[in-house]
1. Being under 20 Å from Ala36 (Cβ atoms), crowded, with 19+ Cβ neighbours inside 10 Å, at pLDDT below 75 and not acidic (Asp, Glu), is that true of even one residue in the stretch 271-279?
2. Kindly indicate whether Ile193 is over 22 Å from the mean Cα position of the chain (by Cα) and of a type in the set (A, V, I, L, M, F, W, C).
3. If a residue must be more than 18 Å from Tyr39 (Cβ to Cβ) and either basic (Lys, Arg) or under 18 Å from the mean Cα position of the chain (by Cα) (or both), how many such residues does the stretch 70-109 contain?
4. Of all residues in the stretch 155-190, which are more than 17 Å from the chain's Cα centre (by Cα) and of a type in the set (A, V, I, L, M, F, W, C)?
5. Out of Gln79, Gln84, Gln46, I need the residue that is farther than 23 Å from Pro110 by Cα, in a helix (DSSP H, G or I) and modelled with pLDDT of 60 or more. Which one?
6. If a residue has to be closer than 17 Å to Thr146 by Cβ and at pLDDT below 90 to count, how many in the stretch 245-264 make the cut?
Amino acid sequence: MEGSGGISSEETVKLKNDHTKTILIFTDFSNASLNAANYAAALTAQLHCSRLLICYSEHVPTTMEMHLQNIRLAEQEHQRNLTQLRTLKKELQIRVSKQVVIDTYIDQRPLDEIANDFNRNQSAGLMVMGIAGKSRLEQTFVGSNTIRVARTSTIPLLIIPEHTTFRKIEKVVFACDLKKVSKITPALAIKRIIHRLGAKLSILNVDHNEEHFHPYTIAEITHMHQLWDIEQPEYYYTNNKDIAKGVMDFSNEHQMQMVIAVTKEYGFFERIFHSSLTRKLAYNIHLPLLLFKERKPI
């Protein structure tokens, strides 16, 4: 079980025999989402993936009946979307090995509903998104669709900044707090991807003048070491009033290639991408963010 200290023999088998080797890419054909698709294609080799599934949502929220003219326009749009998907598939095919299968499809449902289907079937090991919308208002590169998927998906979600180009991932940082570490940290899921990447793990806790330090903090630190020591990570504790900025400053200073976070504290996610204080930081971030859903305490 997770949280019992290290990896059991059963968990080791799961890590070695992880058959979920499909990456699901959500695209809206924006530059940022196309860049995310290219990043995902480059990542297939390092993650030993065998399939890319590219999905476009044609969902149009409306309660009105469609007139004949609108139906014709929708059909024309559908054909354009099919053409763009075929073009994207051809572009990605030359970026992956011949063993990687690329499939495309169009769905009429909202992205979060599509993601929920994959959650139930566990038919993808990773979801990848860039920007979720095309408007200037949403160009913090994480739009409302991405936020909804991040809130609901139990499958890891990798968010790629618009101008990020792929580099082999050798160093990752897991940004965590010290609250219920052993109960809600999805350690096995995080370890599975880190093992796939073959990356060196750092674990970072950001606090400000120890304002979140409580008597139980020592016990939580002990639980954290029991959970992660077998991975031989490097542990860091840093002081910053702005947790998101503390994570990003650390990542830049230590030349990390990916940030991992758990969406149990959604405020952390929002502070990185949406608050006015860190909006400029969000525009200039160059690191992929890998989000995991918290484990439900047993």
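The values are calculated or read from the model by the stated rules, or taken from the named source; none is laboratory data. Bear in mind the structure is a predicted one, so any value in this text is a computation, not a measurement. Glycine gets a Cβ as well: all are built from the backbone with ideal geometry, and neighbour counts include every protein chain shown.
1. Yes, there is a match, as at least one residue in the stretch 271-279 is under 20 Å from Ala36 (Cβ atoms), crowded, with 19+ Cβ neighbours inside 10 Å, at pLDDT below 75 and not acidic (Asp, Glu).
2. Details: over 22 Å from the mean Cα position of the chain (by Cα): no; of a type in the set (A, V, I, L, M, F, W, C): yes.
The answer is no for Ile193.
3. 5
4. Listed by number, the residues that qualify are Leu178, Val181, Ile184.
5. Working: Gln79 fails: farther than 23 Å from Pro110 by Cα; Gln84 fails: farther than 23 Å from Pro110 by Cα.
The match here is Gln46.
6. 3
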